[in-house]
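One structure below.
The values are calculated or read from the model by the stated rules, or taken from the named source; none is laboratory data. Since the structure is predicted, the reported quantities are computational estimates derived from the model, not experimental observations. Every residue, glycine among them, receives a Cβ derived from its backbone with ideal geometry; neighbour counts consider all protein chains shown.
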């Protein structure tokens, strides 16, 4: 497990180092004399989540600093807010799932993904005790992070697969996973989509596991690193193609 985290940290920091460096050469520490185009990067995370652990570890253990990069992590309430922040210039790099990137590009936003990883289908849907399957969701209140995010896209797709028209449920923007879990406990939601670790907490609190993303696909690119596509023409040419690891 520790080895896996270290590998993820190295790959994540390398991806950001590529963005920070000039041209196609890997970024180096200032002691080598190689100047970084942007040595201070603000990295936006779509929500506070355990799946971002490699990035938190990379900052805490100085992995970015060894590349000559000062990296600050900023948490958002959803991928839609993160994309708006990146387009406005508030953050330099964003990390979201596939749906947010494609939605942003479809909306005409100048975004470019340059690395993808963590392809584990990590989402599950939990419900109150009276609901035993997602096929029983008609007329129910379902919590997601925000409209246009992966939690929204995948929930609508899962409903369709289970014979439910998304128009026949109440899809509610309820914020990050911890906030959605609190909303369920307060009786404000009937169903919610969760990832690690909140899905385990939902199970501990007695909510029913009614559907799993694993029933939809074997993998899903949960984390894509992306940036503004027009921030530097040289950088845009040097970005590698999206890699699914």
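Considering only the range 152-171, state which residues are out of contact with any strand residue (DSSP E or B) (no Cβ under 6 Å at 6 or more places or on another chain) and part of a loop (DSSP other than H, G, I, E, B).
Answer for the range 152-171, where residues must be out of contact with any strand residue (DSSP E or B) (no Cβ under 6 Å at 6 or more places or on another chain) and part of a loop (DSSP other than H, G, I, E, B): 162, 163, 164, 165.
Within the range 180-189, which residues are closer than 16 Å to residue 77 by Cα and either buried (at least 17 other Cβ atoms within 10 Å of the Cβ) or within 15 Å of the chain's Cα centre (by Cα) (or both)?
Scanning the range 180-189 gives 180, 181, 183.
Being closer than 17 Å to residue 53 by Cα and touching a strand residue (DSSP E or B) at 6+ places or on another chain (Cβ under 7 Å) is the filter here; which residues of the range 192-212 pass it?
Within the range 192-212, 194, 199 qualify.
Quick check, is residue 210 crowded, with 16+ Cβ neighbours inside 10 Å, within 16 Å of residue 121 (Cβ to Cβ), over 22 Å from the mean Cα position of the chain (by Cα) and not assigned by TED's automatic domain parsing to the domain that holds residue 93?
Numbers: crowded, with 16+ Cβ neighbours inside 10 Å: yes; within 16 Å of residue 121 (Cβ to Cβ): yes; over 22 Å from the mean Cα position of the chain (by Cα): yes; not assigned by TED's automatic domain parsing to the domain that holds residue 93: yes.
The answer is yes for residue 210.
Which residues, counting only those in the range 57-90, are more than 15 Å from the chain's Cα centre (by Cα) and buried (at least 21 other Cβ atoms within 10 Å of the Cβ)?
Result: 58, 63, 64, 67, 69, 71.
One residue is enough: does the range 172-186 have a residue meeting the conditions out of contact with any strand residue (DSSP E or B) (no Cβ under 9 Å at 6 or more places or on another chain), at pLDDT 95 or above, on the phi < 0 side of the Ramachandran plot and not in a loop (DSSP other than H, G, I, E, B)?
Among the residues of the range 172-186, at least one is out of contact with any strand residue (DSSP E or B) (no Cβ under 9 Å at 6 or more places or on another chain), at pLDDT 95 or above, on the phi < 0 side of the Ramachandran plot and not in a loop (DSSP other than H, G, I, E, B), which makes the answer yes.
Looking only at residues that are under 23 Å from residue 141 (Cα atoms) and at pLDDT 90 or above in the range 94-128, which one is nearest to the chain's Cα centre (by Cα)?
123
Condition test on residue 192, is it touching a residue at least 40 places away in the same chain (Cβ under 8 Å), assigned to a helix (DSSP H, G or I) and under 18 Å from the mean Cα position of the chain (by Cα)?
In short, no.
Residues in the range 28-44: is at least one part of a loop (DSSP other than H, G, I, E, B), touching a strand residue (DSSP E or B) at 6+ places or on another chain (Cβ under 8 Å) and either at pLDDT 55 or above or not assigned by TED's automatic domain parsing to the domain that holds residue 148 (or both)?
yes
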